[in-house]
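The values are calculated or read from the model by the stated rules, or taken from the named source; none is laboratory data. All figures in this text were calculated on a predicted structure; none of them were measured in a lab. Please note: Cβ atoms are built from the backbone with ideal geometry, for glycine as well, and neighbour counts cover all protein chains shown.
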Ligand code: SIN
């Protein structure tokens, strides 16, 4: 199990700031000429906070904890478990008013979806905000976006509970969204992680957006348990011209527990997969259908697999892992019941 450094107990009200690494903590060797050539996860969370010290409202007390300092493409499931457990226990701590997480943007959608599905209801009930943010440019780039994102995240996490709903959110480039909607859609745009998010309002936040958030929260189901040991093995397969059945047969024989199928268009997949997928499903392998197009809904039901609604493949994969894990410990509900609870939700309009 990955371990995080411990912080001293703090009993006075504060915002907890958890550092996970990413570009926001990255350094370029030649930031002026070539800011996109850099190493992620170089600066500690204390250093990131020190650089924005003057912009932090004086009444805000912050407590920083370095959970990891990685390039988020290397995010692993153990680390998600560690982060989820930490967020859950911190939310329950009356001294913690809100939580900010600095994270790499490459897999922030997985972390955001995971935290929403496992701690979202708790945050909502307690009226506390968990806010993820990061950056597209390294910390020493002349136009670095991290400092402003971090200031926005701190302010949003610290806004009085009577004014704003609790829950798990993300902030980039002056915009907020529900963290379950994060999806990185561009290699370099400053708003890449939420540019396609249906839950992003005009401006940072506004009252009509907040009432729509509350409406979505009303219909969303209970939190799912955080996997505490080995997560179910689930892979993503993309359908494409020349797709072959051998990939599916190989994974089926290796003991995979679930497959997320990023199909073409509306979620259809190559006919070469069909027989192998039927056999996989008969063997008890969970199948989820989504689309490789990057946007839009899959609604059509079929005998092979469940549809993932508007979840893109990386989020559908986390949803399936959490559903398989929850069903393992439940006498009455199946993984399909748990999947529907967290994956198929109405979109914020
Ligand atoms: C990462 O995901 O750690 C690197 C990329 C980024 O943060 O934008």
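Some points to look at:
- Single match in 305, 267, 263 (criterion: farther than 28 Å from residue 186 by Cα and under 26 Å from the mean Cα position of the chain (by Cα)): 305
- Number of positions in the range 51-78 that are within 14 Å of the ligand (Cβ to nearest atom) and closer than 23 Å to residue 177 by Cα: 4
Rundown of residues vs (1) surrounded by fewer than 15 Cβ atoms within 10 Å (Cβ to Cβ); (2) in contact (Cβ under 8 Å) with a residue 60 or more places away in the chain; (3) not in a helix (DSSP H, G or I), yes/no style:
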{"site": "278", "(1), (2), (3)": "yes, no, no"}
{"site": "287", "(1), (2), (3)": "no, no, yes"}
{"site": "302", "(1), (2), (3)": "yes, no, yes"}
{"site": "318", "(1), (2), (3)": "no, yes, no"}
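- Only listed residue being touching a strand residue (DSSP E or B) at 6+ places or on another chain (Cβ under 7 Å), buried (at least 19 other Cβ atoms within 10 Å of the Cβ), modelled with pLDDT of 80 or more and closer than 29 Å to residue 267 by Cα, chosen from 199, 239, 220: 239
- Any hit, the range 143-161, residues being touching a helix residue (DSSP H, G or I) at 6+ places or on another chain (Cβ under 9 Å), more than 16 Å from the ligand (Cβ to nearest atom) and at pLDDT below 95: yes
- Matching option when the condition is within 13 Å of the ligand (Cβ to nearest atom), in contact with a helix residue (DSSP H, G or I) (Cβ under 9 Å, 6 or more places away or on another chain), modelled with pLDDT of 95 or more and under 28 Å from residue 341 (Cα atoms), among 98, 112, 120, 84: 112
- Residue list for the range 65-105, restricted to those being surrounded by fewer than 20 Cβ atoms within 10 Å (Cβ to Cβ) and closer than 16 Å to residue 146 by Cβ: 66, 69, 71
- Test for residue 334: is it touching a strand residue (DSSP E or B) at 6+ places or on another chain (Cβ under 7 Å) and within 25 Å of residue 218 (Cβ to Cβ): no
- With respect to the conditions (1) free of Cβ contacts under 8 Å to residues at least 60 places away in the same chain; (2) more than 20 Å from the chain's Cα centre (by Cα), residue 141 lacks only one, and its number is (1).
- Boolean, residue 47 is over 24 Å from residue 118 (Cβ atoms), surrounded by 21 or more Cβ atoms within 10 Å (Cβ to Cβ) and modelled with pLDDT of 95 or more: no
- Pairs meeting the criteria (first residue in the range 101-122 and under 18 Å from residue 310 (Cβ atoms), second residue near the ligand (Cβ under 7 Å from one of its atoms), beta carbons under 9 Å, at least 6 apart or on different chains) are 108/22; 108/72; 108/134; 110/72.
- Every residue from the range 122-139 that is in contact with a strand residue (DSSP E or B) (Cβ under 6 Å, 6 or more places away or on another chain) and either assigned to a helix (DSSP H, G or I) or surrounded by fewer than 18 Cβ atoms within 10 Å (Cβ to Cβ) (or both): 123, 124
- Qualifying residue in the range 144-162 (condition: under 14 Å from residue 116 (Cβ atoms) and in contact with a strand residue (DSSP E or B) (Cβ under 8 Å, 6 or more places away or on another chain)): no
- Against the list (1) buried (at least 19 other Cβ atoms within 10 Å of the Cβ); (2) not in a helix (DSSP H, G or I), the condition residue 180 fails is (2).
- Flag if residue 165 is within 16 Å of the ligand (Cβ to nearest atom) and either closer than 25 Å to residue 312 by Cβ or in contact with a helix residue (DSSP H, G or I) (Cβ under 8 Å, 6 or more places away or on another chain) (or both): no
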